[in-house]
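Okay, so here's the structure we're looking at.
A short reminder: the numbers here are calculations on the coordinates, not readings from a lab. Note that the structure is predicted; figures quoted are calculated from it, not measured. Neighbour counts run over all protein chains shown; Cβ positions are idealised from the backbone, glycine included.
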Amino acid sequence: MKLNIPAGRHALLVFVLWLAAPAWADEIRVITSGGFTAAYQQLVPLYEAATQDRVITAYGASMGNAPDSIPSRLARGESFDVVILADSGLDKLVEQGKVAAGSRVDLARSLIGMSVRKGTPKPDISTVEALKQTLLNAKSIAYSASASGTYLSTELFPRLGVAEQIQDKARKIYSERVGAVVARGDAEIGFQQVSELLPFKELDYVGPLPAELQQRVFFSAGTAAGGQSAAATRFIRFLASPAAASIVSSTGLEPVATPLPPPAPPALGQGQGQKR
């Protein structure tokens with residue numbers, strides 16, 4: 001088959017993938033949380049073009065009991081090959097036997113940030129005291145039901161001494177992004193992973209939490225128990241590759257591109273897809 005390498009920053013990425021591509025095409029089922037989505041949606045078309053695999057994607061929160069959260073969907077027995085979510089959530093799924101032990105690969109680090117509706121004043125959150133005053137002054141606050149929101153509600157707000165004062169105006173958001181809530185005016189300020197706030201053109205990004213209050217969350221991938229391990233590993237290697245780092249970085253994430261061992265040759269007859 002003729003190898004067509006696209007120009008610019010994608011060339012090396014596609015070339016690396018092509019070298020490792022097997023002789024068959026697989027269908028890879030992925031479920032991912034929102035924090036890695038912006039990078040993921042740029043990377044998947046490159047992977048599909050280079051390998052001819054088909055990636056089918058579902059989305060859900062890293063944690064929580066919402067019906068569409070990743071833990072809830074796996075608990076119902078929904079079948080996936082790759083699971084991508086906050087590291088703490090992935091580790092719990094490993095403990096529950098939903099994700100294969102030893103399959104975790106860290107993809108990126110993410111910071112928690114704040115946004116407001118476009119055109120509205122940007123409150124100061126550059127220092128601990130400024131953030132505290134912004135929380136107290138805000139008319140309404142939205143935060144994620146996932147990893148970042150859990151940190152805010154259980155650790156940060158109590159640490160700042162504002163948990164009781166803001167409890168009636170702070171709302172945990174389930175089954176949609178905080179940015180959507182702020183964009184339609186249902187919350188004055190919103191907190192979530194920076195990578196989940198930046199895609200909203202209807203918002204003005206204010207900035208990250210002060211360094212001394214920041215929580216860096218890893219977004220990690222693992223192979224779902226019972227999934228196609230060879231296809232899943234190939235896809236995860238791609239997402240974690242140094243060649244993908246520039247795309248990951250452009251979405252507000254910090255890449256965690258580390259050298260990975262070469263893929264093991266597939267066992268005879270392991271391919272589940274169609275021959276190329």
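A few points about this structure:
- Stretch gain in nm, segment A130-E254, where the contour uses 0.36 nm per residue and the Cα spacing is subtracted: 42.1 nm
- For the stretch 61-115, applying the loop criterion from DSSP together with a ceiling of 15 other beta carbons within 10 Å to the trypsin sites (Lys or Arg not before Pro) yields R76.
- Residues listed by number, the stretch 137-157, amide nitrogen under 20 Å from N65 label point at 7 Å toward C-beta: 143-155
- Pairs beyond 30 Å (Cα-Cα), from K169/K201; K132/K172; K92/K118; K92/K172; K98/K122; K118/K172: K92/K118; K98/K122
- Extension gain, A180-E164: 0.36 nm per intervening residue step, less the Cα-Cα distance, totals 3.2 nm.
- ³J(HN,Hα), Karplus 6.51/-1.76/1.60, whole Hz, each residue of the stretch 52-64, x for Gly, Pro: 6, 5, 10, 9, 10, 10, 10, 10, x, 6, 5, 8, x
- Rg to Rh, two decimals, where the stretch 112-213 supplies the alpha carbon set and Rh follows Kirkwood: 0.91
- Note, ³J(HN,Hα) from phi for the stretch 188-194, Karplus 6.51, -1.76, 1.60, rounded to Hz, x at Gly and Pro: 6, 10, x, 10, 6, 4, 3
- What the phi angles of the stretch 97-102 give under the Karplus curve with 6.51, -1.76 and 1.60, with θ = phi - 60°, is a coupling list of x, 7, 10, 4, 4, x Hz, glycine and proline written as x.
- Calculated FRET efficiency for the pair T57/K201, C-beta based, R₀ 25 Å, to 0.05: 0.65
- By DSSP, the beta bridges lying fully in the stretch 112-213 are antiparallel in about 60 percent of cases.
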